[in-house]
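The values are calculated or read from the model by the stated rules, or taken from the named source; none is laboratory data. Given the structure is predicted, the values throughout are model-derived calculations rather than measurements. Cβ: placed from backbone, ideal geometry, glycine included. Neighbour counts: every protein chain shown. Please note that ligands, DNA and RNA were not included when accessible areas were found on the heavy atoms of the full protein model with its side chains. Shrake-Rupley method; radii C 1.70, N 1.55, O 1.52, S 1.80 Å.
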Amino acid sequence: MQQPELTLNDFIDLFPDEESCRKHLFNLKWPNGFNCPKCGHTKYYLINSRKLIECANPECRHQTSITAGTIFHKTRTSLRIWFWIIFLVAKDKRGISARALNREFPISYPTAWNMLHKIRKAMGERDSHYNLYGIVEIDEAYFGRSTAGEKRGRGTEKKKVLVSVSVNKHGRPQYAKMEVLSDLKKSTITREIQDTVLPQSIIKTDGFKSYSGLDELDYNHTTFADINTHIADILKSVHTLIGNVKAFITGTYHGLDKKYFQNYLNEYCYRFNRRFWQNQLFGRLLDTCINTRPITNILN
(Lines give C-alpha, C1' and ligand atoms only; values in the text may rest on other atoms or scores of the structure.)
Protein backbone atom coordinates (compact mmCIF):
# COMPACT_ATOMS: atom_id res chain seq x y z
CA MET A 1 0.00 0.00 0.00
CA GLN A 2 1.43 3.34 -1.08
CA GLN A 3 1.91 6.03 1.52
CA PRO A 4 -0.18 9.16 0.93
CA GLU A 5 1.48 12.12 -0.74
CA LEU A 6 2.77 14.79 1.62
CA THR A 7 0.45 17.77 1.25
CA LEU A 8 1.29 21.40 1.96
CA ASN A 9 -0.75 21.23 5.17
CA ASP A 10 1.11 18.05 6.22
CA PHE A 11 4.43 19.75 5.61
CA ILE A 12 3.49 22.79 7.72
CA ASP A 13 2.36 20.51 10.57
CA LEU A 14 5.52 18.39 10.43
CA PHE A 15 8.02 21.26 10.19
CA PRO A 16 6.59 24.31 11.99
CA ASP A 17 9.99 25.60 13.15
CA GLU A 18 13.76 25.17 12.99
CA GLU A 19 13.90 22.71 15.87
CA SER A 20 11.47 20.28 14.20
CA CYS A 21 13.70 20.30 11.09
CA ARG A 22 16.81 19.66 13.19
CA LYS A 23 15.16 16.72 14.98
CA HIS A 24 14.00 15.23 11.69
CA LEU A 25 17.48 15.59 10.19
CA PHE A 26 19.03 13.98 13.28
CA ASN A 27 16.70 10.96 13.00
CA LEU A 28 17.39 10.55 9.30
CA LYS A 29 21.13 10.79 9.77
CA TRP A 30 21.20 8.41 12.75
CA PRO A 31 18.05 6.24 12.45
CA ASN A 32 19.35 3.79 15.08
CA GLY A 33 20.54 6.51 17.44
CA PHE A 34 23.67 8.62 17.51
CA ASN A 35 26.89 6.94 16.44
CA CYS A 36 30.09 8.96 16.75
CA PRO A 37 31.69 9.26 13.28
CA LYS A 38 35.13 9.01 14.89
CA CYS A 39 34.92 6.29 17.56
CA GLY A 40 31.42 4.80 17.20
CA HIS A 41 30.32 5.75 20.76
CA THR A 42 26.56 6.12 21.15
CA LYS A 43 26.35 8.65 23.99
CA TYR A 44 26.57 12.37 23.31
CA TYR A 45 26.11 15.88 24.69
CA LEU A 46 24.39 18.75 22.96
CA ILE A 47 26.27 22.05 22.74
CA ASN A 48 23.25 24.22 22.04
CA SER A 49 25.15 27.50 21.83
CA ARG A 50 27.11 26.22 18.83
CA LYS A 51 24.57 23.69 17.48
CA LEU A 52 27.09 20.88 17.90
CA ILE A 53 26.99 17.30 19.14
CA GLU A 54 29.89 16.12 21.31
CA CYS A 55 30.80 12.49 21.76
CA ALA A 56 30.50 11.50 25.44
CA ASN A 57 33.45 9.13 25.23
CA PRO A 58 36.08 10.85 27.46
CA GLU A 59 38.86 9.54 25.21
CA CYS A 60 37.24 10.99 22.09
CA ARG A 61 35.13 14.12 22.68
CA HIS A 62 34.75 14.48 18.92
CA GLN A 63 32.40 17.29 17.94
CA THR A 64 30.15 17.10 14.90
CA SER A 65 26.92 18.62 13.64
CA ILE A 66 23.78 17.23 12.07
CA THR A 67 24.66 19.02 8.83
CA ALA A 68 28.22 17.62 8.56
CA GLY A 69 28.64 15.34 5.55
CA THR A 70 25.49 16.68 3.83
CA ILE A 71 24.83 19.42 1.30
CA PHE A 72 23.72 21.60 4.25
CA HIS A 73 27.28 21.62 5.63
CA LYS A 74 28.24 25.08 6.95
CA THR A 75 25.06 26.61 5.54
CA ARG A 76 24.04 30.02 6.84
CA THR A 77 20.47 29.47 5.70
CA SER A 78 18.00 27.98 8.17
CA LEU A 79 17.14 24.31 7.79
CA ARG A 80 13.47 25.22 7.62
CA ILE A 81 14.07 27.25 4.46
CA TRP A 82 16.14 24.38 3.06
CA PHE A 83 13.27 21.98 3.82
CA TRP A 84 10.76 24.33 2.21
CA ILE A 85 12.82 24.60 -0.98
CA ILE A 86 13.36 20.84 -1.19
CA PHE A 87 9.61 20.37 -0.71
CA LEU A 88 8.82 22.83 -3.52
CA VAL A 89 11.38 21.29 -5.87
CA ALA A 90 9.88 17.86 -5.19
CA LYS A 91 6.28 19.01 -5.61
CA ASP A 92 6.53 21.10 -8.78
CA LYS A 93 7.04 18.94 -11.88
CA ARG A 94 7.83 22.06 -13.92
CA GLY A 95 10.74 23.01 -11.68
CA ILE A 96 11.15 26.24 -9.76
CA SER A 97 13.50 29.13 -10.47
CA ALA A 98 15.87 30.96 -8.14
CA ARG A 99 14.02 34.19 -8.93
CA ALA A 100 10.78 32.69 -7.65
CA LEU A 101 12.46 31.54 -4.43
CA ASN A 102 14.04 34.95 -3.97
CA ARG A 103 10.55 36.47 -4.07
CA GLU A 104 9.04 33.99 -1.61
CA PHE A 105 11.79 33.58 1.00
CA PRO A 106 14.09 35.97 2.91
CA ILE A 107 17.15 34.92 0.91
CA SER A 108 19.09 36.66 -1.83
CA TYR A 109 18.93 35.59 -5.46
CA PRO A 110 22.55 34.25 -5.40
CA THR A 111 21.74 32.21 -2.28
CA ALA A 112 18.60 30.76 -3.87
CA TRP A 113 20.50 30.01 -7.08
CA ASN A 114 23.30 28.30 -5.18
CA MET A 115 20.88 26.21 -3.09
CA LEU A 116 19.01 24.99 -6.16
CA HIS A 117 22.21 23.99 -7.92
CA LYS A 118 23.42 22.10 -4.86
CA ILE A 119 20.14 20.18 -4.87
CA ARG A 120 20.50 19.48 -8.60
CA LYS A 121 24.07 18.27 -8.19
CA ALA A 122 22.90 15.98 -5.39
CA MET A 123 20.23 14.63 -7.77
CA GLY A 124 22.90 13.94 -10.38
CA GLU A 125 25.19 12.21 -7.91
CA ARG A 126 22.38 9.93 -6.73
CA ASP A 127 21.45 8.92 -10.29
CA SER A 128 25.12 8.40 -11.21
CA HIS A 129 25.04 5.22 -9.09
CA TYR A 130 22.59 3.57 -11.48
CA ASN A 131 23.07 2.31 -15.05
CA LEU A 132 20.57 1.60 -17.80
CA TYR A 133 20.06 -1.94 -19.03
CA GLY A 134 17.81 -4.06 -21.25
CA ILE A 135 16.50 -2.20 -24.29
CA VAL A 136 17.98 1.31 -24.49
CA GLU A 137 17.22 4.03 -27.05
CA ILE A 138 19.99 6.60 -27.58
CA ASP A 139 20.14 9.83 -29.57
CA GLU A 140 21.74 13.26 -29.40
CA ALA A 141 19.95 16.52 -28.65
CA TYR A 142 21.03 20.13 -29.08
CA PHE A 143 20.22 22.95 -26.68
CA GLY A 144 20.72 26.68 -26.96
CA ARG A 145 20.05 29.53 -29.35
CA SER A 146 21.25 29.41 -32.93
CA THR A 147 23.77 32.01 -34.01
CA ALA A 148 24.05 33.67 -37.41
CA GLY A 149 25.77 31.42 -39.96
CA GLU A 150 25.90 28.48 -37.55
CA LYS A 151 25.95 24.96 -38.94
CA ARG A 152 22.88 22.84 -38.44
CA GLY A 153 22.55 19.37 -36.93
CA ARG A 154 25.65 17.67 -35.62
CA GLY A 155 27.86 20.58 -36.69
CA THR A 156 26.05 23.04 -34.44
CA GLU A 157 27.76 24.99 -31.66
CA LYS A 158 24.78 24.42 -29.37
CA LYS A 159 25.16 22.25 -26.27
CA LYS A 160 25.42 18.62 -27.34
CA VAL A 161 23.63 16.18 -25.06
CA LEU A 162 23.57 12.38 -25.26
CA VAL A 163 20.10 11.22 -24.25
CA SER A 164 19.54 7.58 -23.26
CA VAL A 165 16.32 5.96 -22.12
CA SER A 166 15.61 2.35 -21.23
CA VAL A 167 12.26 0.98 -22.40
CA ASN A 168 10.27 -2.10 -21.49
CA LYS A 169 9.20 -4.80 -23.96
CA HIS A 170 6.17 -2.69 -24.89
CA GLY A 171 8.38 0.29 -25.76
CA ARG A 172 7.34 2.36 -22.76
CA PRO A 173 10.10 4.51 -21.20
CA GLN A 174 11.52 3.41 -17.85
CA TYR A 175 14.65 5.34 -16.82
CA ALA A 176 16.66 8.11 -18.44
CA LYS A 177 20.13 9.61 -18.42
CA MET A 178 21.34 12.79 -20.10
CA GLU A 179 24.94 13.91 -20.34
CA VAL A 180 26.45 17.06 -21.84
CA LEU A 181 29.27 16.08 -24.21
CA SER A 182 32.19 18.17 -25.42
CA ASP A 183 31.87 16.65 -28.90
CA LEU A 184 30.21 13.83 -30.82
CA LYS A 185 33.33 11.88 -31.73
CA LYS A 186 33.18 8.10 -31.76
CA SER A 187 35.53 7.80 -28.76
CA THR A 188 33.52 10.31 -26.69
CA ILE A 189 30.16 8.70 -27.37
CA THR A 190 31.47 5.17 -26.87
CA ARG A 191 33.04 6.06 -23.52
CA GLU A 192 29.85 7.74 -22.30
CA ILE A 193 27.66 4.80 -23.29
CA GLN A 194 30.02 2.40 -21.52
CA ASP A 195 29.61 4.51 -18.38
CA THR A 196 25.83 4.65 -18.79
CA VAL A 197 24.58 1.33 -20.16
CA LEU A 198 25.30 -2.15 -18.82
CA PRO A 199 26.86 -4.75 -21.17
CA GLN A 200 24.63 -7.14 -23.14
CA SER A 201 21.92 -4.50 -23.45
CA ILE A 202 20.09 -3.94 -26.73
CA ILE A 203 20.99 -0.42 -27.90
CA LYS A 204 18.92 1.29 -30.58
CA THR A 205 20.33 4.31 -32.47
CA ASP A 206 19.83 6.14 -35.76
CA GLY A 207 23.05 4.63 -37.15
CA PHE A 208 25.18 7.78 -36.85
CA LYS A 209 28.81 6.80 -37.53
CA SER A 210 29.94 7.71 -34.01
CA TYR A 211 27.81 4.85 -32.67
CA SER A 212 29.81 2.33 -34.71
CA GLY A 213 32.10 1.75 -31.70
CA LEU A 214 29.21 -0.12 -30.05
CA ASP A 215 29.53 -2.91 -32.59
CA GLU A 216 32.94 -3.75 -31.15
CA LEU A 217 31.63 -4.00 -27.56
CA ASP A 218 29.35 -6.35 -25.64
CA TYR A 219 26.13 -4.73 -26.87
CA ASN A 220 23.45 -5.74 -29.36
CA HIS A 221 23.48 -2.58 -31.48
CA THR A 222 20.43 -2.07 -33.70
CA THR A 223 19.66 0.81 -36.08
CA PHE A 224 16.48 1.64 -37.99
CA ALA A 225 18.26 0.59 -41.21
CA ASP A 226 18.97 -2.87 -39.74
CA ILE A 227 15.30 -3.66 -39.25
CA ASN A 228 13.95 -1.68 -42.22
CA THR A 229 11.74 0.68 -40.24
CA HIS A 230 11.35 4.42 -39.80
CA ILE A 231 13.66 6.21 -37.36
CA ALA A 232 10.65 7.67 -35.55
CA ASP A 233 9.50 4.15 -34.69
CA ILE A 234 12.78 2.82 -33.33
CA LEU A 235 13.57 5.95 -31.29
CA LYS A 236 10.05 6.99 -30.29
CA SER A 237 10.65 7.17 -26.52
CA VAL A 238 13.95 9.03 -26.66
CA HIS A 239 12.54 11.61 -29.11
CA THR A 240 9.54 12.18 -26.85
CA LEU A 241 11.89 12.61 -23.90
CA ILE A 242 14.00 15.17 -25.77
CA GLY A 243 10.89 17.19 -26.61
CA ASN A 244 9.72 17.10 -23.01
CA VAL A 245 13.03 18.18 -21.48
CA LYS A 246 13.26 21.09 -23.92
CA ALA A 247 9.79 22.20 -22.87
CA PHE A 248 10.76 21.81 -19.20
CA ILE A 249 13.87 23.97 -19.57
CA THR A 250 12.43 26.71 -21.79
CA GLY A 251 9.19 26.82 -19.81
CA THR A 252 10.76 27.47 -16.40
CA TYR A 253 14.34 28.61 -16.89
CA HIS A 254 15.59 31.37 -19.15
CA GLY A 255 19.06 32.47 -20.16
CA LEU A 256 20.71 29.30 -18.87
CA ASP A 257 24.46 29.44 -18.32
CA LYS A 258 26.04 26.63 -20.37
CA LYS A 259 28.49 25.99 -17.52
CA TYR A 260 25.68 24.68 -15.29
CA PHE A 261 23.47 23.11 -17.95
CA GLN A 262 24.18 19.57 -16.74
CA ASN A 263 22.56 20.41 -13.41
CA TYR A 264 19.23 21.18 -15.10
CA LEU A 265 19.38 17.86 -16.95
CA ASN A 266 20.12 16.16 -13.61
CA GLU A 267 16.97 17.67 -12.14
CA TYR A 268 14.80 16.55 -15.04
CA CYS A 269 16.16 12.99 -15.05
CA TYR A 270 15.92 12.63 -11.27
CA ARG A 271 12.26 13.58 -11.31
CA PHE A 272 11.51 11.54 -14.45
CA ASN A 273 13.13 8.43 -12.99
CA ARG A 274 10.93 8.70 -9.90
CA ARG A 275 7.69 9.79 -11.60
CA PHE A 276 5.84 6.73 -10.26
CA TRP A 277 6.85 7.60 -6.67
CA GLN A 278 5.58 11.17 -6.58
CA ASN A 279 4.12 10.60 -3.13
CA GLN A 280 7.61 9.76 -1.83
CA LEU A 281 9.59 12.41 -3.70
CA PHE A 282 10.11 14.87 -0.84
CA GLY A 283 11.42 12.16 1.48
CA ARG A 284 13.61 10.67 -1.24
CA LEU A 285 15.04 14.06 -2.21
CA LEU A 286 15.71 15.02 1.41
CA ASP A 287 17.47 11.68 1.89
CA THR A 288 19.52 12.37 -1.26
CA CYS A 289 20.60 15.74 0.15
CA ILE A 290 21.58 14.18 3.47
CA ASN A 291 23.60 11.39 1.87
CA THR A 292 25.43 13.56 -0.64
CA ARG A 293 28.87 14.79 0.38
CA PRO A 294 29.23 18.54 1.00
CA ILE A 295 29.16 20.60 -2.19
CA THR A 296 31.28 23.72 -2.18
CA ASN A 297 29.82 27.05 -3.23
CA ILE A 298 28.93 26.54 -6.87
CA LEU A 299 29.19 30.25 -7.64
CA ASN A 300 32.92 30.19 -6.97
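Give the residue list of chymotrypsin sites (Phe, Trp or Tyr not before Pro) in the stretch 51-130 that are DSSP loop and have at most 16 other beta-carbon atoms within 10 angstrom.
Listed in order of number, the matching sites are TYR130.
Straight-line reach only, C-alpha to C-alpha below 15 angstrom: list the aspartates and glutamates that LYS177 could link to, leaving out same-chain residues fewer than 8 apart.
Once the sequence-local aspartates and glutamates are set aside, what remains near LYS177 is GLU125, ASP127, GLU137, ASP139, GLU140, GLU192, ASP195, GLU267.
Are there trypsin sites (Lys or Arg not before Pro) in the stretch 10-77 that DSSP puts in a loop and that have at most 14 other Cβ atoms within 10 Å, and which ones?
Here the trypsin sites (Lys or Arg not before Pro) that fit, given the DSSP loop and packing criteria, are LYS38, LYS43, LYS51, ARG61, LYS74, ARG76.
Is the C-alpha gyration tensor of the stretch 17-65 telling us rounded, prolate or oblate? Criteria: a/c under 1.5 is rounded; beyond that, a/b larger than b/c is prolate, otherwise oblate.
oblate
Between the helical axis of 79-91 and the dominant principal axis of the chain, each derived from Cα atoms, what acute angle in degrees is found, rounded to the nearest 10?
30
May I ask you to evaluate 6.51 cos²θ - 1.76 cosθ + 1.60, the Karplus curve with θ = phi - 60°, for each residue of the stretch 261-270 and list the ³J(HN,Hα) values in order in whole Hz, giving x for glycine and proline?
Listing the rounded values in order: 4, 4, 4, 5, 5, 4, 4, 4, 5, 4 Hz.
Explain nothing, just compute: Karplus ³J(HN,Hα) = 6.51 cos²θ - 1.76 cosθ + 1.60, θ = phi - 60°, for every residue of the stretch 204-217 in order, whole Hz, x for Gly and Pro.
Taking θ as phi minus 60°, the curve returns 10, 9, 8, x, 3, 4, 5, 8, 5, x, 5, 5, 8, 10 Hz for the stretch 204-217.
Counting other Cβ atoms within 10 Å, which trypsin sites (Lys or Arg not before Pro) in the stretch 187-219 have at most 13 and lie in a DSSP loop?
none
Just tell me which aspartates and glutamates come within less than 15 Å, Cα to Cα, of LYS51; anything on the same chain fewer than 8 places away is out.
Reachable aspartates and glutamates: GLU18, GLU19.
Check the chain for me: any Cys whose beta-carbon has no other cysteine beta-carbon within less than 4.7 Å?
Those would be CYS21, CYS269, CYS289, since no other cysteine Cβ in the chain comes under 4.7 Å of theirs.
Taking only protein heavy atoms into account and a 1.4 Å probe, give the accessible area per residue of the chain in Å².
Ligands and nucleic acids excluded, the result is 55 Å² per residue.
Got a sec to turn the phi values of the stretch 112-119 into Karplus ³J(HN,Hα) couplings, 6.51 cos²θ - 1.76 cosθ + 1.60 with θ = phi - 60°, whole Hz, x for Gly and Pro?
For the stretch 112-119, the Karplus curve yields 4, 4, 5, 4, 4, 6, 5, 5 Hz.
Quick one: which residues, 5 or more positions from LYS204 or on another chain, have an amide H under 5 Å from its amide H? H modelled 1.01 Å from N in the peptide plane, none for Pro or chain starts.
When sequence neighbours closer than 5 places are left aside, the close amide H contacts are VAL136, GLU137, ILE138, THR222.
Taking all protein chains as present, what is the carbon and sulfur share of the accessible area of the chain, in % to the nearest whole number, probe 1.4 Å?
Accessible surface attributable to carbon and sulfur in the chain totals 49 percent.
Report the Stokes-Einstein translational diffusion coefficient (µm² s⁻¹, integer) for the stretch 22-147, Rh taken as the Kirkwood radius over Cα pairs, at 25 °C with viscosity 0.890 mPa s.
137
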